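What follows is calculated from the coordinates using simple rules that are stated; it is not laboratory data. Source: prediction; values computed, not measured. We place every Cβ from the backbone using ideal geometry, glycine too, and count neighbours over all the protein chains shown.
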Amino acid sequence: MSEQRTAAAAIGAALGITAADLTAIGNDNTDLHNKINASAVADAAAQQSTDLKNTSVGTAERTARLLARRLKINPAYTDALGEQLGIVGPEDTTDLAAAKPTLTVRALPHGVVELVFNKSKSDGVNIYSRRTGDAGFVFLARDTASAVY
């Protein structure tokens, strides 16, 4: 950037650039670079703070789950005590045999298709295709994560 400052100072008079103009633009430039650097430092600090928070959440969850397991195997434990402690969750009534994923399909260039789905509590989804002329649906794949095909 100093090359541009030197050039502006050298040809400034011909174009009406004053010393005050050069000082103002130089100050703005310095301020901008300082703000960019401060923003990068703040972003890094925020990411580090988020990582530390996530680690702490994981540690707290593991500790609480281990304690809950230990309490549940204690001979004096009852569901009523577990309810009072908040360690009895609702019963999962998901019927995986009848469950259907939420599926979004998007056509991409060159005959590529993007399938995005939410598999809920299942391990994955079975993907079938029925093209013109097929007698029925043809199994293509079992997938455990959304992907591009």
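If one computes P(r) from the Cα atoms of the range 102-148, what percent of pairs lie at distances over 16 Å?
On the way: 503 of 1081 pairs.
Distances greater than 16 Å cover 47 percent of the Cα pairs.
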If you restrict to DSSP beta bridges whose two residues both lie in the chain, what percentage is antiparallel, to the nearest 5? 100 percent
Along the Cα→Cβ direction, 7 angstrom out, place labels at Val113 and Thr18. What is the inter-label distance in nm? 6.9 nm
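Quick check for me: using +1 on Lys/Arg Cβ and -1 on Asp/Glu Cβ, what's the dipole size of the chain about its Cα centre, in debye to the nearest 20?
On the way: 15 positive and 16 negative charges, 117 e Å.
With only Lys, Arg, Asp and Glu charged at Cβ, the dipole is about 560 debye.
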Set Lys and Arg Cβ to +1 and Asp and Glu Cβ to -1, take the dipole of the chain about its Cα centre, and tell me which of Phe117, Thr6, Ala99 lies farthest positive. Ala99
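Would you please report the Å³ per residue occupied by the convex hull of the alpha carbon atoms in the chain?
In the chain, the Cα hull volume divided by residue count equals 264 Å³.
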Using the alpha-carbon atoms, what tilt in degrees (0 to 90, nearest 10) does helix 2-15 show relative to the longest principal axis of the chain? 50 degrees
